[in-house]
Each structure stands twice: as structure tokens, then as C-alpha cells.
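The values are calculated or read from the model by the stated rules, or taken from the named source; none is laboratory data. Predicted, not measured: the structure shown is a model, and the values here were computed from it. Methodologically, a virtual Cβ is constructed for each residue, glycine included, from the backbone with ideal geometry; neighbour enumeration extends over all protein chains shown.
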Amino acid sequence: DAGVTQSPTHLIKTRGQHVTLRCSPISGHKSVSWYQQVLGQGPQFIFQYYEKEERGRGNFPDRFSARQFPNYSSELNVNALLLGDSALYLCASGRGEVLAYVPTDTQYFGPGTRLTVL
Amino acid sequence: AQSVTQPDIHITVSEGASLELRCNYSYGATPYLFWYVQSPGQGLQLLLKYFSGDTLVQGIKGFEAEFKRSQSSFNLRKPSVHWSDAAEYFCAVALSYSGAGSYQLTFGKGTKLSVIP
């Protein structure tokens, strides 16, 4: 089975521009999460979608938005780019299983999109 | 708020030596704990996870981790390191949801492992 795929691999933008990042989850997975990883730091949670509904949002400004499509793929949009948005953006997919309030799911990460803002 | 601390930014070990990477968490409820590994230019790969039960968890690639509630720790260990283990290692804690979906992970800042041949 194919893993989580993300496109594009690399992206260079200038300040003030808009960017769209794409993620295709593993077949059968209904949950997609987005994380931002700034150089030298651990990933930071941005959004989670399950069955096309937003299920969680991290501490990011409104310039960041996302959506999930009927085929469970997802887009992350960032408006009015800042230099500080330069990072590796990771997508993770999972089945979305929660058993008796215990998250038994495993999140599988894609290779990421490297965004550079100049 | 939940948080994860990895006290060691960079560790260097000789090939064949044992390894222990430290992780401490701060979370009021039952923690769900993970270790991920990231090779340069790659995404994250899950090594192991702890949800409940036996506090010693076995993972892939010969790694294991022990959950110690009294110390709020979840340290990663490997008895004999291989050169291919050189990578960055992240400890994470999950905030669970009451409904269907999944969970969001809070990561530590990572520990970079270098292996001397």
C-alpha cells in the first residue's frame, strides 16, 4: 500500500503570497492532521480533520486554514506568508479509531513539504 | 497544558554501545506516549507507543521504552546501537478526544543521535 503522499516536495514563496499544500492519506484512512516543523524544533500541531470535519486546531493564526475532501485528501492553505512560516509541513493520516476514549489509532506521517518564504 | 521535555539536544554513542534517550512529560490525565524517529529529509516514523498495560513497551528496530508514572518519564532504550540508527528522535504525548477522530500530538524538541563507527 502507498503511504501518505504530500505535494509539492519543495516550495519557495515570497512574503505576502499565498500557498496551498496537499496531502493524500493512506487508503482507508479518514483522519488527516497537519503539523509545522520549524528547523531545530519538534512538529507543532496545526489542524486535524476527520470525516471532512475539523476536529482540532492548534495555536496558529487565522492565516492558516485547511479542508478535507470527500476522498479524504486534504489541503492546507496559508495566506499572507511571513518569513516565520518557513518550515517543513507534515501531514499525518490515521483510521480515526477511538476505543472507549483511548486513541488506539496510529498516525502515519508523510515526507513533508519544505516551504521557504523569502 | 501538556508538554514534553527531551533534556538532551544531541547524544553521540559508539556503534554497539547501549543507548538511552530521555523524555519527561507534563500531563494531568492518563498520558498516551509515543516515540518517533526522523531521518534527514524524511517524515516521522513511529517506533513505539504506550496506551496502557505493561509499562515496558517493545517497538521496531530493537527499541524499547519504559513508562514510569512516578517520574513522569518515558525513556527510549536500545541495547546495541547500529550506525543506521543515527537520526533525530522525538517523544510525543497525545491529547485524546471523547469522540471519533484521532488525537493531536505534542512533541518534544527532539534529540539528535550521532553514531561513531
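General observations
- Residues satisfying the criterion are present in the range B:55-64 (criterion: surrounded by 14 or more Cβ atoms within 10 Å (Cβ to Cβ) and in a helix (DSSP H, G or I)).
- Among the strands (runs of 3 or more DSSP E) confined to the range A:22-72, the ones with at least 1 residues that are in contact with a helix residue (DSSP H, G or I) (Cβ under 9 Å, 6 or more places away or on another chain) and within 13 Å of chain B (Cβ to nearest Cβ) are located at A:31-37.
- For the range A:45-61, the count of residues that are in contact with a Phe, Trp or Tyr (Cβ under 9 Å, 6 or more places away or on another chain), buried (at least 16 other Cβ atoms within 10 Å of the Cβ) and within 14 Å of A:T113 (Cα to Cα) is zero.
- Verdict on A:E51 being touching a residue at least 12 places away in the same chain (Cβ under 8 Å) and of a type in the set (D, E): yes
- Residue match in the range A:57-72 (condition: more than 12 Å from A:Q36 (Cα to Cα), among the small types (G, A, S) and modelled with pLDDT under 90): no
- Of note, B:F90 satisfies the criterion of being assigned to a strand (DSSP E or B), surrounded by 15 or more Cβ atoms within 10 Å (Cβ to Cβ) and within 13 Å of another protein chain (Cβ to nearest Cβ).
- For A:L39, the conditions (1) under 28 Å from B:G108 (Cβ atoms); (2) within 16 Å of the chain's Cα centre (by Cα) are fulfilled apart from (2).
- Qualifying residue in the range B:70-83 (condition: surrounded by fewer than 15 Cβ atoms within 10 Å (Cβ to Cβ), without any contact (Cβ under 8 Å) to a residue 12 or more places away in the chain and of a type outside the set (A, V, I, L, M, F, W, C)): yes
- Single residue of B:G28, B:G16, B:G43, B:G101 found to be at positive phi and at pLDDT below 90: B:G101
- Subset tally (residues that are over 11 Å from the mean Cα position of the chain (by Cα) and in a strand (DSSP E or B)) for the range B:2-24: 7
- Residue match in the range B:36-44 (condition: within 12 Å of chain A (Cβ to nearest Cβ) and farther than 22 Å from A:G112 by Cβ): no
- Odd one out for A:G96, checked against (1) surrounded by 21 or more Cβ atoms within 10 Å (Cβ to Cβ); (2) of a type outside the set (K, R); (3) at pLDDT below 95; (4) under 14 Å from the mean Cα position of the chain (by Cα): (4)
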